[in-house]
Structures are given as C-alpha cells and as structure tokens.
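Read the structure below first, then the notes.
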Amino acid sequence: MGTLVLLNHCLRLEDNPLLTQVEGELCAVVTLTRQQFFGQQYGLNRANLSRLRAQIDTITALKQQLAQQQIGLVLCFGNSSQALLQLAKQLNADRIVAAEPTAPEEYQLFSRLKTQIQVELNDVNSLLGSSLRPAFQSMPDRFTTFRKTLEPLLQVSPAHPLFQRRPTQQWLSPDQADALSSNWQTLIALASRDEHTLTAPTMPSFDEATVWQRVEHYIWQQQHILHYKDTRNGLSGADYASFFSAPLALGSLSVRALWQQIVAFEEQVRANDSTYWLKFELLWREFFRWQMRKYQSRWFSRTGIHGQPDFQLPQLTPKQQKLFSRWCQGETGVPFIDANMVLLNQSGLMSNRGRQNVASYLIHDLQLDWRVGAAYFEQRLLDYDPASNWGNWAYIAGYGNSEARPFNIIKQAIMYDPQAQFVKQMLPDLTAQGKQAHRPVAGTTLPAHWRNWLAELD
Ligand SMILES: Cc1cc2nc3c(=O)[nH]c(=O)nc-3n(C[C@H](O)[C@H](O)[C@H](O)COP(=O)(O)OP(=O)(O)OC[C@H]3O[C@@H](n4cnc5c(N)ncnc54)[C@H](O)[C@@H]3O)c2cc1C
C-alpha cells in the first residue's frame, strides 16, 4: 500500500514537510480543478488565464526539480476527487497526504475523499504550529486581540531543510508519473488561448528558484526590508513592498521559511520598525487564514460573518451593472480609482493601498454588493488567496472583522500620490498638472463627503 503526496499549495522543495515526512511507496501529484479556473461566480469567470499559466509554470518548474532526483510528478486536470481516487486505485495507495487548505471548497474536496481513502492534512502554510493552533470558539475576531494574544507566545518552527530523497522513500519515477497524468495537455491547450488574459507584455515568475532570488534581493542584497514601513504604501514600482504574496498563495514560498529569513536578517544585520512590520503583515495573512477556517462559507454571505447568513446571489440593477462594468474597466471617471484598476487589469497585481481604495469606492461610494468586487479581484489577481481576498473585502464592507471602513478617495489620492505621478503613469491621456490630475472627469457623480478634499485640488 502506498501514499499519494498531493503537492497543491506546496509547490516547493524548501520547507516541505509533505515531501520530507513520508516513507514507503510514494507518488507525488498535483491536481488543478476545472471549476477553480473555468467556473463562474456571479456571472464572472473565476480566474484569468495568466494566473493559470503562472500556476502551470510553477508546477512545471517543480516537476523538473523533482525529476533531478528521479522523482515523477503526476499532473491531473479536471475533477480532483475523481482523479485522486482513480490514481489511488491504479497504484494501490490507501492514503493521501496534503496541505491543509483554508477555503471551504477545498475542505469539501477532502471530506469527499475521506469517505473512500485515508486523508492526512498537514498545515504547512501557516505560522501557528500545532501547539498554538487556535481553538475556533475562543479565537478573537479582532486582529489586534488575535495578535496581542499570540505575539508573546509565537515560536515559528524552523524551516525543514531542502528536500533530498531518502533511501526509505520509493517514489514513482518520472516516466511512470507521466504515464499516469490525466488531461494535462488539454489544460495546456486551454491555457494558451488568447482570451481572459492580463494585458502586460510580460508576467512575473513565481517558481521556487525565482522566488528565492527575490528573497535574496529584497531582504539580503538590497535590504529594502529596512525601509518597508516607509515604502509599503507605495502604488507602483519594483521594491516598495515585498511582492511575496503570489508565491505564498501558490505555496512556492513557505511562510515559515520567509519568517525565519526575516528573523535571521534581524539577528545578523539589523532589526527595526520595518523588519517588524513585514512580520506584522504576515500576521494579518495568518489572521485571515484562521478566520476563513473558523467561519468557512459564511465569508461568501452578503452579511459576511455578521447576523443572519444571506447567500442570495448579488442582484445588480441595469444601472448598477453599468457602474460595476466601469469600475472593472477603470472607467469610473475618478483617476485614482481608474489608475489602480488599469494596473490590476494589466498586471494582475495592485498595491495594498490601491486595493483598499478601489474596494471602499465600490462598496461605500457606488454602493454595490461587496461580493461582486471580491469576485472580480478573484478573477484578476495573480496573488489571489481566498482568505486574504474575501477577508479584506468583508473587512472594508463592515461584514468581517471590523466596522465599515469608508475611505475618502480624494484625500487618499492627495496623500499617497501627491504629484499624481502614479495616475498620470497609468492614465497617460490625463493632461492636468500635479495634483489637479486627481480631479474626477466632468459628469462623474461626486459623493458629498469629498467636497472639502476636492477644494484642495483647486
Ligand atoms: C480588498 C483587498 C483584497 C486583497 N486580496 C488579496 C489576495 O487575494 N491575496 C493576497 O495575498 N493578499 C490580498 N490582499 C492583501 C494585500 O493587499 C496583499 O497581500 C499585498 O498587497 C501583496 O503585496 P506584497 O506581497 O508586496 O505585500 P507586502 O506589503 O510586502 O506584505 C507582505 C505580506 O504580508 C501579507 N499581507 C500584507 N497585507 C495583508 C493584508 N491586508 N491581508 C492579508 N495579508 C497581508 C501578504 O502575504 C504579503 O505578501 C488584499 C487586500 C485588500 C484590501
């Protein structure tokens, strides 16, 4: 009897307990579910093909790394539970070892599998190890309480060393694995179509080797980490923030290994407010992961984790539909919103500051159902992560871990883009000089609470 080692969300050799803690007859496998890439949500595609390609490239790089140790990687596309059960039957495997997910649909996959095969989930992508695993009943719903309770206790376990095949492991060979892969060529053909892609001419890579070059560059060589707290509210550029979100979401970077890199830098080079702040932001990620596990599908209710659940699909009137389409296309007439949305549509990424503003504008100024915004982000983001995305949207809407958070968009534009360089870079047709470029185009509906800040643009 053997074990299927499911490497979804754990596409790495560094700090990969799924690979290092297993013995006997083993088969490494990755599955991509049709629904997650080609399904629809509220009438929107759930993903764009650029994210799918990034994921395929990351998986292909892992396959090559494993092949160097004569280990095969079975690749399956379609219905994950069917593919895994069929594979288990073919190989006479009686166990699946996998990364513990956060999203309810992935827990559902494992619940289905558990009725037929032994499933062992290992929480390889969280900071809180088994001894600190929160009890959901008592887990605080406020980030500050969560952080203050945990920070004094937090001992992030050391990263597992780079995986090296052991004699006690009998892995399926690359040729055997290729023979068992299913529908992967169909997926490659689907992914190479020219529709539903982002428009930037080149896309970043998130494979493990590239990600570690980024860690080297950002933390050790250029030491941008020493200024993170001052630069993290930037809107575009290469190094204003870490850009670790996509590899963390894919699992080509381990959050524990990253945390240990920051700690090592603090010990060997310098610790300051900025090095602390990068860890602080990783705790936000951690918080949303546990919140998603705690409230599961409640995150997709209109009322979020508050009050009576309301799973009725968002209903937009024709007028609201038009407002939503303009928001998606970056054509609202508010330059700060449009510039950020154009950036998202081109590159699949947006700064945290930009995300907060466009979300607040959709929810509080356009007064649309927050879930359509979250669904559009799910479609466009290269770093899409269910817990961080739906948790942050609900937070700003006031249906998650905070009261509603309306931003004054004009105030934010003046504060974070004082010379309007960012909006002019993204919207080259703007001709106004300096901060005047933040003035909404004539005819745009202007919320009353912007009035004082609009006067600042005169
Ligand atoms: C409406 C909205 C939607 C979002 N959707 C996602 C998403 O789908 N995927 C995603 O990874 N992040 C999401 N975020 C959080 C945050 O904007 C991104 O993690 C961050 O911009 C990614 O860039 P970075 O890696 O350079 O971040 P950095 O500023 O360098 O932060 C370092 C890491 O800390 C974590 N982090 C930082 N801010 C947050 C936050 N607010 N919530 C959770 N984790 C955080 C991320 O893992 C990030 O990689 C969203 C935020 C908002 C307001």
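May I ask you to verify whether S81 is in contact with a helix residue (DSSP H, G or I) (Cβ under 9 Å, 6 or more places away or on another chain) and not hydrophobic (A, V, I, L, M, F, W, C)? Give the derivation first.
Numbers: in contact with a helix residue (DSSP H, G or I) (Cβ under 9 Å, 6 or more places away or on another chain): yes; not hydrophobic (A, V, I, L, M, F, W, C): yes.
For S81, the condition - in contact with a helix residue (DSSP H, G or I) (Cβ under 9 Å, 6 or more places away or on another chain) and not hydrophobic (A, V, I, L, M, F, W, C) - is met.
For region 373-404, a tally of residues being more than 8 Å from the ligand (Cβ to nearest atom) and part of a loop (DSSP other than H, G, I, E, B) returns 8. Can you tell me which residue in region 332-354 is farthest from the ligand (Cβ to nearest atom), limited to those that are closer than 23 Å to F37 by Cα and out of contact with any helix residue (DSSP H, G or I) (no Cβ under 7 Å at 6 or more places or on another chain)? Residue satisfying both the conditions and the ranking: Q346. Could you check, for region 419-432, whether at least one of its residues is closer than 30 Å to R293 by Cα and in a helix (DSSP H, G or I)? Within region 419-432, none of the residues are closer than 30 Å to R293 by Cα and in a helix (DSSP H, G or I).
Looking only at residues of region 242-256 that are touching a Phe, Trp or Tyr at 6+ places or on another chain (Cβ under 7 Å) and either in a loop (DSSP other than H, G, I, E, B) or within 16 Å of R270 (Cβ to Cβ) (or both), we find that the one that is farthest from the ligand (Cβ to nearest atom) is S252. Residues in region 1-57 that are among the aliphatic types (A, V, I, L, M) and surrounded by fewer than 17 Cβ atoms within 10 Å (Cβ to Cβ): M1, L44. Elements of the type strands (runs of 3 or more DSSP E) sitting completely within region 3-121 and holding at least 2 residues that are among the hydroxyl-bearing types (S, T, Y): these cover 24-33. The set of residues from region 242-257 being in contact with a Ser or Thr (Cβ under 9 Å, 6 or more places away or on another chain), aliphatic (A, V, I, L, M) and within 17 Å of I59 (Cβ to Cβ) comprises A246, L248, A249, L250. Could you list all residues from region 179-202 that are surrounded by 15 or more Cβ atoms within 10 Å (Cβ to Cβ) and touching a strand residue (DSSP E or B) at 6+ places or on another chain (Cβ under 8 Å)? Residues satisfying the conditions are L180, S181, S182, N183, W184, L187, H196.
Determine if region 82-97 includes at least one residue that is of a type in the set (G, A, S) and either without any contact (Cβ under 8 Å) to a residue 40 or more places away in the chain or under 20 Å from H160 (Cα atoms) (or both). There is no residue in region 82-97 that is of a type in the set (G, A, S) and either without any contact (Cβ under 8 Å) to a residue 40 or more places away in the chain or under 20 Å from H160 (Cα atoms) (or both).
Taking residues in region 207-235 that are without any contact (Cβ under 8 Å) to a residue 24 or more places away in the chain and within 11 Å of the ligand (Cβ to nearest atom), and partners anywhere that are assigned to a helix (DSSP H, G or I) and not polar (S, T, N, Q), the pairs with Cβ atoms closer than 9 Å and at least 6 places apart or on different chains are H224/H217; H224/Y218; T231/H224. Would you check if L313 is within 15 Å of the ligand (Cβ to nearest atom) and either assigned to a loop (DSSP other than H, G, I, E, B) or out of contact with any Gly (no Cβ under 7 Å at 6 or more places or on another chain) (or both)? Taking the combined requirement at face value, the residue does not satisfy it. Would you check if there is a residue in region 341-351 being closer than 19 Å to T445 by Cα and in contact (Cβ under 8 Å) with a residue 12 or more places away in the chain? Yes, region 341-351 contains at least one residue that is closer than 19 Å to T445 by Cα and in contact (Cβ under 8 Å) with a residue 12 or more places away in the chain. Just one of the listed residues (R326, R285, R298, R302) is more than 22 Å from V358 (Cβ to Cβ), out of contact with any Phe, Trp or Tyr (no Cβ under 7 Å at 6 or more places or on another chain) and either away from the ligand (no atom under 16 Å from the Cβ) or part of a helix (DSSP H, G or I) (or both), and it is R298. Note on region 372-399: residues that are among the small types (G, A, S) and under 19 Å from E105 (Cβ atoms) amount to 6.
Scanning region 58-73 for residues that are of a type in the set (A, V, I, L, M) and surrounded by 22 or more Cβ atoms within 10 Å (Cβ to Cβ) gives L62, I71, L73. Here the condition is being surrounded by fewer than 18 Cβ atoms within 10 Å (Cβ to Cβ), in contact with an Asp or Glu (Cβ under 6 Å, 6 or more places away or on another chain) and more than 25 Å from R380 (Cα to Cα); of L162, L153, it holds for L162 alone.
Please verify whether region 214-227 includes one or more residues that are among the hydrophobic types (A, V, I, L, M, F, W, C), under 17 Å from the mean Cα position of the chain (by Cα) and part of a helix (DSSP H, G or I).
To start, the set of residues in region 214-227 that are among the hydrophobic types (A, V, I, L, M, F, W, C) comprises 215, 219-220, 225-226.
When the remaining residues are screened for being under 17 Å from the mean Cα position of the chain (by Cα), the result is none.
No, the conditions are met nowhere in region 214-227.
A short reminder: the numbers here are calculations on the coordinates, not readings from a lab. Note that this is a predicted model, so its numbers are computed, not measured. Please note: Cβ atoms are built from the backbone with ideal geometry, for glycine as well, and neighbour counts cover all protein chains shown.
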